[in-house]
Amino acid sequence: MKITSSSSLSINSVTSSRTPAGTRAGKNAPERSTVELSPAARQLATLKNSDNDVDVARVQAIRDAIASGQLKIDTGRIADSLLASARELLK
């Protein structure tokens, strides 16, 4: 099955090489149909293509803090968050 997409984030056509039972592939043209994406799917595609995934300034600030020895890590807070996440998964 071949799926192609356009820049408007909807799938233009779906081409299937499958043929109905009892027919021969050489005699029938591939089946074509149109698929429309939901608003949620379009939003997810937009997020996937985002160039602003990383706050470069924040990353640099953390690098600088690590390099200068000023980064303070609260291990208790990290442990509490991990335990809370594990409890949430067990519900």
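Here the Karplus curve 6.51 cos²θ - 1.76 cosθ + 1.60, taken at θ = phi - 60°, turns the phi angles of the stretch 81-86 into couplings of 5, 5, 5, 5, 5, 5 Hz, with x standing for Gly and Pro. A full extension of the chain between Ser81 and Glu31 corresponds to an added length of 12.9 nm, given 0.36 nm per residue minus the alpha carbon distance.
Taken along the Cα-to-beta-carbon direction at a fixed 7 Å, the label points for Asp53 and Leu89 span 2.2 nm. The residues neighbouring Leu71, those whose beta-carbon lies less than 15 Å from its own, together hold a net charge of +2 under the Lys/Arg +1, Asp/Glu -1 convention. Here the gap between Asp64 and Leu44, fully extended at 0.36 nm per residue and compared with their Cα-Cα distance, gives a gain of 3.9 nm. Residues whose amide H falls under 5 Å from that of Glu31, counting only those 5 or more places apart or on a different chain, are Ser16, with hydrogens built in the peptide plane. Counting Lys and Arg as +1 and Asp and Glu as -1, what is the net charge of the other residues whose Cβ lies under 12 Å from the Cβ of Arg42? After counting each charged neighbour, the total is 0.
Readers should treat all values here as calculations from the given coordinates under stated rules, not as data from a laboratory. Predicted, not measured: the structure shown is a model, and the values here were computed from it. Here the Cβ is made from the backbone with ideal geometry for all residues, glycine too, and neighbour counts use every protein chain on show.
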